[in-house]
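A short reminder: the numbers here are calculations on the coordinates, not readings from a lab. What you see is a predicted model, and the numbers here were worked out from it, not measured in a lab. A quick note on method: Cβ atoms are made from the backbone with ideal geometry, for glycine too, and the neighbour counts reach across all protein chains shown.
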Amino acid sequence: MAVKLNQPVLSQHVLQIASALFFNETELDYQTVTLLLDSGAQRSFIKSSLGTSLKLATPGTTSFTTVGMGELQESFESDEVRVTLKSCHSSTKLRNISVFTKEKLTTTTRTADLSEEDRKFIREKKVVVAQTSLLPMNVSPDILIGQDLLHQIFDHTAAMVKLPSGLILTPTIFRYTISGKSGTLYSKKRTSEPQCNSLIVATSLILTKDDYKMNIKHLYELESVRKRHR
């Protein structure tokens, strides 16, 4: 069944995703990585597998405890590593920042499904988006940026912008991220009927041994969209 013109058929909850260049000290070159900007996490983390493959130096080890849904706690050892991140669109760099290794950062998330009005706005305003593509895609973050580094990531000299769909453009040193909640309008050319399923993703609070008794929870609700073709 074809979707009617201008009929809102999809509600989406979009997390702040950004693409950046990561300096590979082994190859002495940059490679593209995916960042998740998460104000609900106190610390910043990198996938353990990435740190191992790049043979990153580990100046120290720290014990952490995560507090998640239902008061569930998980303790683990984490290596501190130093990394350098660079914008894909300018020479701006974050040099030698401290992040910690973690086996799994979060589940796979999806970038924004922009409406035609959103795309037109971005083109006309010449907005540079901090993603490798404006097409919606599933991504698995390589690095999670928490409260300890967010103040260095956000561009405090520029203003946030609201897209026609209701999604928010947030200025960062990597250019604008897209996040928020919206209803997407499909054109007549769409012939598939999407089916939305609620997917709950809990971002565990990361605490050190000294302060893990603080019980703050951070919860994201995303919309997982499956297209059913007829």
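Could you grab the pairs with beta carbons closer than 9 Å, sequence gap of 6+ or different chains, first residue in the stretch 71-86 and free of Cβ contacts under 8 Å to residues at least 12 places away in the same chain, second one assigned to a strand (DSSP E or B) and surrounded by 14 or more Cβ atoms within 10 Å (Cβ to Cβ)?
LEU72/THR66
crowded, with 17+ Cβ neighbours inside 10 Å, aliphatic (A, V, I, L, M), under 17 Å from the mean Cα position of the chain (by Cα) and outside any loop (DSSP other than H, G, I, E, B) - does that describe any residue in the stretch 65-85?
Yes: the stretch 65-85 contains one or more residues that are crowded, with 17+ Cβ neighbours inside 10 Å, aliphatic (A, V, I, L, M), under 17 Å from the mean Cα position of the chain (by Cα) and outside any loop (DSSP other than H, G, I, E, B).
How many residues are over 15 Å from THR34 (Cβ atoms), under 13 Å from the mean Cα position of the chain (by Cα) and among the aromatic types (Phe, Trp, Tyr) when one looks only at the stretch 132-178?
1
Take the conditions assigned to a strand (DSSP E or B) and surrounded by 14 or more Cβ atoms within 10 Å (Cβ to Cβ) and apply them to ILE46. Does it pass?
yes
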